[in-house]
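Chemist: For reference, the structure I am asking about is given below.
Since every read-out is calculated from the coordinates, none of them should be taken as a lab result. Here the structure is a predicted model, which is why all the values come from computation and not from measurement. Counting neighbours? That spans all protein chains shown, and the Cβs are built from the backbone with ideal geometry, glycine included.
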Amino acid sequence: MISEKGLLRLSILFAILCWLSLVLADLFLLFAEINDANAGITKEIPQLLLSLYIIFVYFFFKIRIQKAESINFIDLLWHVFSTGLIVSLVQLAVSLFFYLLSDSKLMQNPLMVNFFYHLNLGAVIIFLVSTFIVWKRLILYQKNKRLLVIWQIFEYSILASLLYGFFQTSSQQWLFNGLLGIFLLYGLVLSFNLKWIAYLNFKQKWRSILLLALVILYLYYFINNLFGFSTEFNLVMDLLDNVFILTIAGFIFIYALISILVILFNLPTSSVFEQKISEVLNFQRLSQSIQKGDNENQVYEVLLESSNNAVFSTSAWLEIYEEDETHQVLKSNINDLKITQVRKSIQDSGLYAYLNKHKLNNFQKELNLNKLTTNLNDPDYGSALVMPLIIQDRQIGLLVVLKDVSDGFNKEMISIISSFVNQACISIENFELLTEALRNERYKEELKIASRVQKSLLPHSLISDKEFEMHAFYESADEVGGDYYDFFKTADHKTAVIIGDVSGKGTSASFNMSQMKGVFHSLVQFDLDSKTFFTRANHALSHCLEKTSFITAAYYTIDSNEKSISFSRAGHCPGLFYNKTENRTEYFHNKGMGLGIVRNDSFEKYIDTSKIYYNAGDILFLYTDGIIEAKNEKGEEFGYDRLSSYLAQNNEKSPKEIQNGLIKYLYDFIGTENLEDDYTALIIRFL
Amino acid sequence: MINITTNIEGEDHIIMVEGDVDASSSIHLDEALTELANDDSVKYILVDGSQLNYISSAGLGVFMSYIDDFKNKSIKMVIYGLSEKVSNVFQILGLDQLMTIVSDKKEAKEKLHEVQS
């Protein structure tokens, strides 16, 4: 495909070639006629060349003017004007030439005259066709399908009329006039599509009138010029015989004239239209200001400015109530002293009282907008409009608009200010919501970090020992939880295991859990017996925990030489033990006390130590109360019995399989994926 | 959900705790106990747990935090009527060793006044 630029160049080239051929053909015909010779070409040849020239010029401008992306009407009219200027310069040059040589013999030469006429002809066609295309764009501005069809019929009919030249005879004068009449009538109807005029502002309207008037002037001059030639000289080719040219010229004139008249009549109302446009634009600014990342103050500024402009107010101010009870005041053409005076004046009118009444009601009731304006007893201002800025049921500010005349605010003005204020409030609210959402997002990120840190507090790798295999599972209801388990090899044959649960849930619980980890790792080094371990841990934690917080824990020491487990329970749920030989499960119900409950030396007496001996195939199952207290839909707890019988039934499996099976069993039991509490399980199977 | 009502029978203040005491509702239990702890005329407190369905660690924390307070102010407190499940929770934590927990109201009243005589 040829590019648009290529098409433009090609059409120029062909247009020039056609014009040159036309000149040559016409002159040749004339020469033959003068010398009474047979030219060897018929009259149809120049007619064809002229039509081709018109078509190429038409094609050129069609591409050029249509492709202009932005519709700027003044630019379009300016284009017409400048084309006309160039064409008239050509014509002036020709006239000047004729004037200078009017006495010489040369001017008597028909060949010379016809050559200059062809120059004029080419130039005028360029002007007419380009203007026609511009008019087309203006008429089709905001087109609908119907208009488009009507226009296309017009355009193609005119182009088809180029063919008329080939059948031209003098007897068909009535046909010529008839065609011309129909086309002009059709053009007149189309000329009432003037939507573009509404979008011109006052200044642009004046400029359009000027440019259109110049177009009419050009047209008059060009046609006059052609007439001059037509009457004065004997022409081979008279443009005035061409339906196409006359139709276009007539149409251009009609449209220009109607446009001028309509613009003239539109002048007085253009300020209203401009006002409406600016209101719409201000609305847009108010609603867009937040998206652009502006802050609230910019919204307030836009609001003040737009309100001021919308009602032509003398002065205005905007009070913004900050959360810390301070007021910020944006002023427009008013000073602090005057504001104080006007406030008093508004106070006297009872308007503030009306607003306060609504404020006490949290703005549940609709404000009566007409009651928001009042006349003032003030030397500078005659009336005021007071509009509160309300987000949900909270007043965030107050807009006061002042005019120097009394009763200065009509219903439209009040409603437009009210709309501005509403729009601004929506923007501010969106802004607040967005900020809050961002803050929440940040908190969530922080919590994720906390969750990662907490997970890292739990042991990553479990001890593998030739004496036992071990598996652990931890899942918290919130991002961070309060369950804890850990272990430490105190000697080759000795392993200390702890499991714990911090009272409460969430962040505070997880802080206490990390304290517990500190305590465990400090004390486990000393290889203490479980009772001493808890006594010291209680001592340490008594200084760390809040009054209502406590930690439950169970501490087990596995001795693989003795094949024994000795343990104490600090208020933690009793450990579950499966005895393979007897195929029996039991819970370790020895005496115990939660850490941090008794914060003195008497703690020791509440703790028992027990010791059992294990055999291969026995299982020690440690857990937190989340598992026992998990509830199903009926409010029934998972309970101790389900847990122990599950363990007994699955004793042959590896700890990992036991854990996976139990979790599935548990989730099936509660019937949802939402955890109420943290779940922890630590399973040790002796080999 | 939790519902706490306080009644006075002679010199005994009876707190009736109904429903679930979890992290959020334990605040109400705390409020009720604070009120009694700050009232100098209160010497005997009975906690009726017969309608107590569930108590979380936070709820236990509330009871625990008043043990020393009551001891210092020589206020006596007895809990009675706990279901087996709830009672078990008190036992596991070891609170039964620090607080007087009995099965019914009659026994509770006897316990409350026995030491004095």
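Chemist: Quick check on the stretch A:592-651: take the gyration tensor over C-alpha atoms, sort the square-rooted eigenvalues as a ≥ b ≥ c, and tell me if it's rounded (a/c under 1.5), prolate or oblate.
Modeler: oblate
Chemist: Picking from A:ILE2, A:THR581, A:SER654, whose Cα lies most toward the positive end of the charge dipole for chain A (charges on Cβ: Lys, Arg +1; Asp, Glu -1)?
Modeler: So the residue furthest toward the plus end is A:ILE2.
Chemist: Taking the Cα centre as origin and putting +1 on Lys and Arg beta-carbons and -1 on Asp and Glu beta-carbons, what dipole magnitude results for the stretch A:4-272, to the nearest 20 debye?
Modeler: Approximately 1360 debye in magnitude.
Chemist: Something else: So how strong a dipole does chain A carry about its Cα centre when Lys and Arg Cβ are +1 and Asp and Glu Cβ are -1, to the nearest 20 debye?
Modeler: With only Lys, Arg, Asp and Glu charged at Cβ, the dipole is about 1680 debye.
Chemist: Still on this structure: Put +1 on the Cβ of every Lys and Arg and -1 on every Asp and Glu Cβ in the stretch A:85-207; which of A:PHE98, A:LEU159, A:VAL113 then has its Cα farthest towards the positive end of the dipole?
Modeler: Comparing the listed Cα positions along the dipole, A:LEU159 ranks first.
Chemist: Right, here's the next one. Per 10 Å bin, what is the whole-percent P(r) computed from every C-alpha pair distance within the stretch A:289-434?
Modeler: That works out to 11, 44, 37, 8, 0, in percent per bin.
Chemist: Tabulate in residue order the Karplus-calculated ³J(HN,Hα) for the stretch A:460-471, using 6.51 cos²θ - 1.76 cosθ + 1.60 with θ = phi - 60°, rounded to whole Hz; enter x for Gly and Pro.
Modeler: Once rounded to whole Hz, the list reads 7, 10, 8, 5, 9, 9, 6, 8, 8, 10, 9, 9.
Chemist: Kindly express, to the nearest 10 degrees and within the range 0 to 90, the angle between helix A:173-190's C-alpha long axis and the longest C-alpha principal axis of chain A.
Modeler: 30
Chemist: Could you work out how far helix A:411-457 tilts from the main Cα principal axis of chain A, as a 0 to 90 degree angle to the nearest 10?
Modeler: Orientation of helix A:411-457: about 40 degrees from the principal axis.
Chemist: By its C-alpha gyration tensor, with a ≥ b ≥ c as the square roots of the eigenvalues, how is the stretch A:43-136 shaped: rounded for a/c under 1.5, else prolate for a/b larger than b/c, else oblate?
Modeler: Because a/c hits 1.5 or more and a/b fails to exceed b/c, the stretch A:43-136 counts as oblate.
Chemist: Further question on the same structure: Over its Cα atoms, what ratio of radius of gyration to 2.2 N^0.38 Å does the stretch A:4-272 give?
Modeler: 1.07
Chemist: Right, something else. Give, as a single signed number, the net charge of other residues whose beta carbon lies under 12 Å from the beta carbon of A:ILE663, with Lys and Arg counted +1 and Asp and Glu -1.
Modeler: Summing Lys/Arg as +1 and Asp/Glu as -1 gives -2.
Chemist: Using packing as a proxy for protection, rank A:591-597, A:636-642 so that the peptide with the highest average count of other Cβ atoms within 10 Å comes first.
Modeler: The densest-packed peptide leads the list: A:591-597, A:636-642.
Chemist: With unit charges on the beta carbons (Lys and Arg positive, Asp and Glu negative) and the dipole taken about the Cα centre of chain A, which residue among A:LEU235, A:TYR300, A:PHE283 sits farthest to the positive side?
Modeler: Most positive-ward Cα: A:LEU235.
Chemist: Okay, next question. So what is the calculated 222 nm ellipticity per residue for chain A, using -39500 (n - 2.57) for each DSSP H run with n of 4 or more, over all residues, to the nearest 500 deg cm²/dmol?
Modeler: Here the helix-only value at 222 nm equals -18500 deg cm²/dmol.
Chemist: Separate question: Rg to Rh ratio, the protein assembly as shown, alpha-carbon atoms and Kirkwood radius?
Modeler: 1.33
Chemist: A further question on this structure: Let me know the shape class of the stretch B:17-102, please: from the alpha-carbon gyration tensor, a ≥ b ≥ c as square roots of the eigenvalues, rounded when a/c is under 1.5, otherwise prolate if a/b is greater than b/c, or oblate.
Modeler: prolate
Chemist: Further, regarding this structure: Using Cα centres only, tell me the gap between the stretch A:604-627 and the stretch A:195-251 in whole Å.
Modeler: Distance between centres, Cα-based: 109 Å.
Chemist: Shielding by partners for B:89-102, please: the mean number of other protein chain Cβ atoms within 10 Å of each residue's Cβ.
Modeler: Going residue by residue through B:89-102 and averaging, the value is 5.
Chemist: Further question: Helix B:26-38: angle to the longest alpha-carbon principal axis of chain B, degrees 0 to 90, nearest 10?
Modeler: 10
Chemist: Would you mind counting up the charge near A:LEU367? Only other residues with Cβ under 15 Å from its Cβ, with Lys and Arg at +1 and Asp and Glu at -1.
Modeler: +4
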